[in-house]
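Colleague: Structure incoming, see below.
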Amino acid sequence: MKKLIQFVLENRFLMVLIGVIIIGRGYYSYKNLPLDALPEITPPVVRVYTITEGLAPEEVEQLVTYPVEVAMAGLPNIAELRSISTFGLSIVNVFFDDGTDIYFARQLVNERLQEASRQIPEGYGTPEMGPIATVLGLVMFYYLEDETETYSLEELRTIQDWMIKPILRTIPGVTEVISVGGFEKQFQVTVQPDALLRYNVNLNNIIEKIKTNNSNVGAQYIIKNAEEFTVRSIGLVNSMDDLGKIVIKSVDGTPVFLNDLAEIGIGGEIRRGLQTRNGEKEVVAGQIVKLFGTNSSVIIERVEEKLTEINDMLPDGVQMVPYYEQKTLVNASLSTVTNALIQGIVLVILVLILFLSDIRSSLVVAFSIPFSLLFSLAGMNYFGISANLMSLSGLAIAIGLLVDDSIVIVENISRMLREKDPLKSKMKIITD
């Protein structure tokens, strides 16, 4: 330590240069440090979900969840598996060791999904990976406001899914947009049991005919008179009339159409939840999920920039209205901690001047506070630590310890200089 102090005193210009570099780097880090409300404390996790129409939780666990868990077992760097089996849905969370690259983890899981799919009975769903996000990734909530009150919940949900959602997903850093509320528009076929018995048709026949008669098929091409003509069969259903004209079977040469066996209409998909505004009016809403490890504030700013563009292209009277932004929580957290830091610095300076009775010594101790903070911010930026409530609170608490050490050193040096031996130089006194 004595040699270090001596080296510093003998190379003051170098120390000043290093100090300026640290201050510059710290200020740069302050301007570019990722901002979040809370740190990402969850380990790397890949969520595998499977939608199983109509299955009870027990069947979901036995026929879907268990095969997925078996397929994921034994993956490299895996920490644990957690699963949830509910009505019509299986969720398997695959947790990996800290430090595992999330994209490498998803690649491993994707390779095992093929094996899991083969073990799940046909028709019971296909396992898929969820977005690259955590529970802290929900950065903005919004709802669709219909000022004219002319659009149904089904129409608003269609606007959300086919107009707003695709645009938001093009924003860098947005990994998913979750639609909530309203009804998903769909063609609904309500079969008539008496008609099924009369024509000797079962539900499987109808389902299979609808599937096989709802597609366009290519048939290569033909050449005629030096011209090339593409041959294709048009069978994609575009309207209720198209759907009703699907031939289910033939009785004595007479076709039996779907219209003869069922009522066809447009309606909303069966749902198990809804979203309201202030507990009164049902609305269609959306939740924006950020990519794992990205800057929440930057993503919210990008979404806000797109907001005007999206609202301009929506139908008259329909507006996208944000009602929660993580940015508000982030700014509130940062404001609280920043005020605490400023108040701490001011109080420390006043106390130092009062008790040390030496403005110069007080300023030396006070300067160590912002210098140390800038040095810490540079380190946080280098190691990828975001500025959040916990990290900045830790810095605020550390000010007390930092000042205590500085006061002891500065006061001791000041005392020795006042009581110095006339035959000793200042450098000798300090190093001793």
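The values are calculated or read from the model by the stated rules, or taken from the named source; none is laboratory data. Because the structure is predicted, anything quoted here is derived from the model rather than measured. Here Cβ is always computed from backbone atoms with ideal geometry, including for glycine, and neighbour counts include all displayed protein chains.
Colleague: Looking at (1) crowded, with 18+ Cβ neighbours inside 10 Å; (2) over 35 Å from the mean Cα position of the chain (by Cα); (3) not in a strand (DSSP E or B), find the lone condition where L350 falls short.
Modeller: Of the numbered conditions (1) crowded, with 18+ Cβ neighbours inside 10 Å; (2) over 35 Å from the mean Cα position of the chain (by Cα); (3) not in a strand (DSSP E or B), the odd one out for L350 is (1).
Colleague: Can you confirm whether P193 is over 30 Å from V298 (Cα atoms) and at pLDDT 90 or above?
Modeller: Considered against the rule, which asks whether it is over 30 Å from V298 (Cα atoms) and at pLDDT 90 or above, P193 comes out as yes.
Colleague: If you don't mind, another one. I need a count of the residues in region 170-185 that are exposed (fewer than 13 other Cβ atoms within 10 Å of the Cβ) and either polar (S, T, N, Q) or in contact with a strand residue (DSSP E or B) (Cβ under 7 Å, 6 or more places away or on another chain) (or both).
Modeller: Result for region 170-185: 1.
Colleague: Moving on. Step by step: first the residues of region 186-200, then only those that are among the hydrophobic types (A, V, I, L, M, F, W, C) and surrounded by 13 or more Cβ atoms within 10 Å (Cβ to Cβ), then the one that is farthest from V256 (Cα to Cα). Which residue is that?
Modeller: So, considering only residues that are among the hydrophobic types (A, V, I, L, M, F, W, C) and surrounded by 13 or more Cβ atoms within 10 Å (Cβ to Cβ), the one farthest from V256 (Cα to Cα) is F187.
Colleague: Here is a follow-up. Select from region 146-163 the residues that are in a loop (DSSP other than H, G, I, E, B), surrounded by 13 or more Cβ atoms within 10 Å (Cβ to Cβ) and out of contact with any strand residue (DSSP E or B) (no Cβ under 7 Å at 6 or more places or on another chain) and list them in ascending order.
Modeller: Initially, region 146-163 is screened for residues in a loop (DSSP other than H, G, I, E, B), giving 147-152.
Next, from what is left, pick out any that are surrounded by 13 or more Cβ atoms within 10 Å (Cβ to Cβ): 151-152.
Of everything in region 146-163, just one residue is in a loop (DSSP other than H, G, I, E, B), surrounded by 13 or more Cβ atoms within 10 Å (Cβ to Cβ) and out of contact with any strand residue (DSSP E or B) (no Cβ under 7 Å at 6 or more places or on another chain), namely S152.
Colleague: Next up: Which residues, taken from region 201-216, are among the polar types (S, T, N, Q), part of a helix (DSSP H, G or I) and exposed (fewer than 15 other Cβ atoms within 10 Å of the Cβ)?
Modeller: Once the filter is applied, which keeps residues that are among the polar types (S, T, N, Q), part of a helix (DSSP H, G or I) and exposed (fewer than 15 other Cβ atoms within 10 Å of the Cβ), region 201-216 yields N204, T212.
Colleague: Can we say R302 is in contact (Cβ under 8 Å) with a residue 40 or more places away in the chain, in contact with a strand residue (DSSP E or B) (Cβ under 7 Å, 6 or more places away or on another chain), more than 30 Å from N204 (Cα to Cα) and basic (K, R)?
Modeller: Numbers: in contact (Cβ under 8 Å) with a residue 40 or more places away in the chain: yes; in contact with a strand residue (DSSP E or B) (Cβ under 7 Å, 6 or more places away or on another chain): no; more than 30 Å from N204 (Cα to Cα): yes; basic (K, R): yes.
Answer is no for this residue.
Colleague: Which condition does K31 not pass, out of (1) of a type outside the set (A, V, I, L, M); (2) under 18 Å from G125 (Cα atoms); (3) in the same structural domain as G379 (by TED's automatic domain parsing), if it passes all the others?
Modeller: It is condition (2) that K31 fails.
Colleague: In region 126-138, is there at least one residue being under 27 Å from D316 (Cα atoms), of a type in the set (S, T, N, Q) and over 20 Å from the mean Cα position of the chain (by Cα)?
Modeller: Scanning region 126-138 turns up no residue that is under 27 Å from D316 (Cα atoms), of a type in the set (S, T, N, Q) and over 20 Å from the mean Cα position of the chain (by Cα).
Colleague: Inside region 353-365, can you point out the residues that are surrounded by fewer than 20 Cβ atoms within 10 Å (Cβ to Cβ) and assigned to a helix (DSSP H, G or I)?
Modeller: Hits for region 353-365 are I353, L354, F355, L356, I359, R360, S361, L363, V364.
Colleague: Which condition breaks for G286 when tested against (1) surrounded by fewer than 18 Cβ atoms within 10 Å (Cβ to Cβ); (2) within 22 Å of the chain's Cα centre (by Cα); (3) not hydrophobic (A, V, I, L, M, F, W, C)?
Modeller: Here G286 meets the rest and fails (1).
Conditions tested, residue by residue: (1) more than 18 Å from I84 (Cβ to Cβ); (2) modelled with pLDDT under 80.
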{"site": "V8", "(1), (2)": "yes, yes"}
{"site": "I23", "(1), (2)": "yes, no"}
{"site": "V46", "(1), (2)": "no, no"}
{"site": "G54", "(1), (2)": "no, no"}
{"site": "E59", "(1), (2)": "no, no"}
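Colleague: Of the residues that sit in region 407-423 and are exposed (fewer than 12 other Cβ atoms within 10 Å of the Cβ) and at pLDDT 65 or above, which one is farthest from L352 (Cα to Cα)?
Modeller: The extreme case among them is E419.
Colleague: Which one is surrounded by the fewest Cβ atoms within 10 Å (Cβ to Cβ) among residues in region 99-112 that are in contact with a strand residue (DSSP E or B) (Cβ under 7 Å, 6 or more places away or on another chain) and of a type outside the set (G, A, S)?
Modeller: Across region 99-112, the extreme among qualifying residues is N110.
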